[in-house]
Ligand SMILES: O=C(O)c1ccccc1N[C@@H]1O[C@H](COP(=O)(O)O)[C@@H](O)[C@H]1O
């Protein structure tokens with residue numbers, strides 16, 4: 001079976017690595033320095049890091065300098081970074097790409113400024129992923145607080161525009177340790193031929209094995225957050241289980 005890529009998550013709020021429940025502001029559990037968290041995942045064998053500026057996503061400020069420092073250190077250590085949160089215009093995109101990240105993940109802008117997103121997809125290809133953050137089949141933007149249209153209509157549009165890959169998050173599962181939404185992942189894979197990165201709900205090595213079973217359908221990777229911070233398993237164990 002083809003290998004499932006694992007992307008440990010480092011979400012940053014107010015300068016700290018945090019995990020949220022259902023992505024709701026105010027539910028933060030803090031895990032200290034984002035750089036130390038990222039370095040710990042690198043030492044454990046991470047090839048990828050999903051790095052999120054939650055303040056920029058929520059519109060409560062940003063952690064841009066800190067995030068750039070983490071992304072640049074990861075690039076030096078050959079860890080690929082998927083950078084996310086608040087990338088919504090030319091300036092924030094240029095700053096994100098200048099960190100040396102492998103790709104950026106665009107959420108709100110894909111819902112609110114589709115012309116801009118079509119342009120950056122055309123201009124940057126593989127360095128642009130779109131985050132499809134859903135409740136049911138309704139997309140959510142602005143820190144997952146606002147509805148942004150239908151998942152499958154948006155997917156069809158982005159496919160036509162040449163979007164390289166999607167990061168699919170089931171908000172109802174995110175940060176809950178309740179298991180991934182495999183049906184959603186299968187449905188998205190059936191609707192697009194682009195690779196999909198799964199996000200939300202991973203709680204166990206069996207969850208990761210179940211997601212790895214979807215690799216033939218088009219799932220390329222899985223973001224793992226709370227389960228690693230809560231020590232449900234180690235990253236070494238997760239890499240072994242999915243290789
Ligand atoms: O990752 C989270 O827990 C999260 C919670 C609430 C909002 C966003 C969250 N994460 C990431 O932010 C991007 C969206 O950022 P934007 O809309 O482009 O500014 C989303 O795709 C997640 O990767």
Checklist entry - What whole number of Å gives the distance from the Cα centroid of region 156-195 to the Cα centroid of region 204-243? => result 16 Å
Item to check | region 1-100: C-alpha gyration tensor shape, a/c 1.5 cut-off, then a/b vs b/c | outcome: oblate
Checklist entry - Could you list, bin by bin from short to long, the percent of Cα-Cα pairs of region 7-57 in 5 Å steps? => result 5, 23, 31, 23, 13, 5, 0
Checklist entry - With labels modelled as points extended 7 Å from the Cα through the Cβ direction, what inter-label distance (nm, one decimal) is found for residue 187 paired with residue 138? => result 1.4 nm
Checklist entry - By average Cβ neighbour count within 10 Å, what is the ranking of 209-215, 168-174 from highest down? => result 168-174, 209-215
Checklist outcome for this item: Packing-ranked peptide list from 32-38, 235-241, highest mean Cβ count within 10 angstrom first, is 32-38, 235-241
Checklist entry - Over the chain, what relative contact order in percent results from Cα pairs under 8 Å that are six or more residues apart? => result 20 percent
Checklist outcome for this item: note: region 90-243, Cα-Cα separations exceeding 24 Å make up a percent value of 33 percent
Checklist outcome for this item: Expressed in angstrom and rounded, the centroid-to-centroid distance over alpha carbons for region 65-100 and region 22-37 is 18 Å
Checklist entry - Hey, what number do you get for the chain at 222 nm if only DSSP H runs of n ≥ 4 count, each worth -39500 (n - 2.57), divided across all residues, to the nearest 500? => result -10500 deg cm²/dmol
Checklist entry - What Kirkwood hydrodynamic radius do you get for region 148-188 when you take the inverse of the mean 1/r over all pairs of distinct Cα atoms, in Å? => result 11.6 Å
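Rule-based calculations on the coordinates, nothing more; no lab input. The structure displayed is predicted, hence computed values, not measured ones. Neighbour counts are summed over all protein chains in view; Cβ atoms, including those assigned to glycine, are modelled from backbone coordinates with ideal geometry.
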